[in-house]
2 protein chains.
Amino acid sequence: MGRATDTAYDAVRQMILSGTAEAGSRLGEAELAETLGLSRTPVREALQRLGSDGLVEVLPHRGARVVQWTREDLEEIFELRSLLEPYAAARAAKLAPPQNVLDDLHEQCDAMERAVSEGDFGRVAQLNSAFHASLIEASGNRRLPAMLTSVMHAPLIVGTFRRYDADEMSRSMNHHRELVAALAAGDPAWAESVMRAHIRAAAANLRGER
Amino acid sequence: MGRATDTAYDAVRQMILSGTAEAGSRLGEAELAETLGLSRTPVREALQRLGSDGLVEVLPHRGARVVQWTREDLEEIFELRSLLEPYAAARAAKLAPPQNVLDDLHEQCDAMERAVSEGDFGRVAQLNSAFHASLIEASGNRRLPAMLTSVMHAPLIVGTFRRYDADEMSRSMNHHRELVAALAAGDPAWAESVMRAHIRAAAANLRGER
DNA sequence: TTCGTTTTGATTGCATGCAATATAGTCCTT
DNA sequence: AAGGACTATATTGCATGCAATCAAAACGAA
């Protein structure tokens, strides 16, 4: 059993991402503390962290609410992702990641494709986040991961895969494979282009549905 | 008198930016609370916030330390700035800011040039941060400000102007004026280019000295 | 002396109680 | 009945005490 703050953080985070705590709903400290069997202090700290993650908004003397996303928010997020992630991919390719990192990325692709064939979209989303996180980390820029968490963990982003049809899903998987290939080849321009296409495809999908 | 947490946040932040709390030094909760005449709770919350701002690093059961910047950190930061700020400038130009915003930016340029002629570099740094923040806000992307705080408030960044000679200083001021002109003209490519030059000039300066 | 162990001191992590503030409901005035 | 001031309740903000954990000094064995 780790720290109570982390327990609270993970729990509330999961509530938000899974939709249990719906957008706009209040997150009372006392109520959450009761539910989780903790005191208000670690809950409060967790809400603060979620606030800086951009998952909840905390107003002075008014508590925390789950943030509500608009189409504008999505546009903003995808603009930033299509700026930062291609950069991260290019950097990662330039660094020529060691073989074990490449193997790990391939492994993640395998797992994802298995999850797709099993129709487990929740797991696909989870693995996708992990894949992008790995790639961002491979960029070597130690500030990028923290910067991107605020735009990567939006509930609607995480749930993107539910909207994909078979063609879009297979295209997305191919993008991932191609990214690893570009990294293995050490070709920054290739990696950057694939990533940009990957992000813009996702943006187009969300734009079409919503 | 606002909230105690804010008081603590501002105080510690100022300690770090002014150099009173030197890089690598420990920030004990009890000690700070004593100094500021508060309890540990708001101090702790402030340190947490400063942690997500990237100004301090908090380790489990080991407390908070002022982060130490390496040349690598500076490179990383300037790479991200030269990616995001030109984008922000382009977006701002595309949005064609209202006249009062442009007036405000001009006013900030005036104040900055006065501060330069008075040799008040602390004030120059402060006004420069404000100018960049205004421009980033004018981009219309509501996520950019929070994203960039983590890379804008590094102590070494804030202190950049102390290193500038007369030519570099005047070039920097000219960049600011030119940025406002590009915004007024509604020319995204112009604004983007000037901002990129502005950032890279700053990076070159820091690279040369350090 | 040097390495590993133990103990001690200090500091963070968490729980709880009280004070400050906001929201909602009630009452009074017009 | 409508509007505004006031009161009541619920919730956050802050202080403080205790428990858990870590770093370092003291100790003992090789």
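Overview of values
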{"item": "Spans of helices (runs of 4 or more DSSP H) in the stretch A:99-159 with at least 1 residues within 14 Å of chain B (Cβ to nearest Cβ) and free of Cβ contacts under 8 Å to residues at least 60 places away in the same chain", "result": "A:121-138, A:144-152"}
{"item": "Filter result for B:Arg123 (within 17 Å of the chain's Cα centre (by Cα) and either surrounded by 16 or more Cβ atoms within 10 Å (Cβ to Cβ) or within 21 Å of B:Gly19 (Cα to Cα) (or both))", "result": "yes"}
{"item": "Qualifying residue in the stretch A:84-102 (condition: of a type in the set (Ser, Thr, Tyr) and surrounded by fewer than 22 Cβ atoms within 10 Å (Cβ to Cβ))", "result": "no"}
{"item": "The stretch B:12-47: number of residues that are more than 13 Å from DNA strand C (Cβ to nearest atom) and within 11 Å of chain A (Cβ to nearest Cβ)", "result": "0"}
{"item": "Filter result (more than 21 Å from B:Met169 (Cα to Cα) and polar (S, T, N, Q)) within the stretch B:58-116", "result": "B:Gln68, B:Thr70, B:Gln99, B:Asn100"}
{"item": "Residue in the stretch B:30-39 that is within 30 Å of A:Tyr87 (Cβ to Cβ) and in a helix (DSSP H, G or I) present", "result": "no"}
{"item": "Meets criteria (part of a helix (DSSP H, G or I) and either acidic (Asp, Glu) or within 12 Å of DNA strand D (Cβ to nearest atom) (or both)) for A:Glu45", "result": "yes"}
{"item": "Single residue of B:Leu50, B:Leu59 found to be buried (at least 18 other Cβ atoms within 10 Å of the Cβ), within 16 Å of DNA strand D (Cβ to nearest atom), closer than 20 Å to B:Gly24 by Cα and more than 10 Å from chain A (Cβ to nearest Cβ)", "result": "B:Leu50"}
{"item": "Filter pass, A:Gly19 being more than 20 Å from B:Thr41 (Cα to Cα), out of contact with any strand residue (DSSP E or B) (no Cβ under 8 Å at 6 or more places or on another chain), within 11 Å of DNA strand D (Cβ to nearest atom) and small (Gly, Ala, Ser)", "result": "no"}
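Taken together, the values in this text are just the output of simple stated rules run on the coordinates, not laboratory data. In this text, all values refer to a predicted model and were calculated from it rather than measured experimentally. Because the Cβ atoms are built from the backbone with ideal geometry, glycine has one as well, and the counts that use them run over all protein chains shown.
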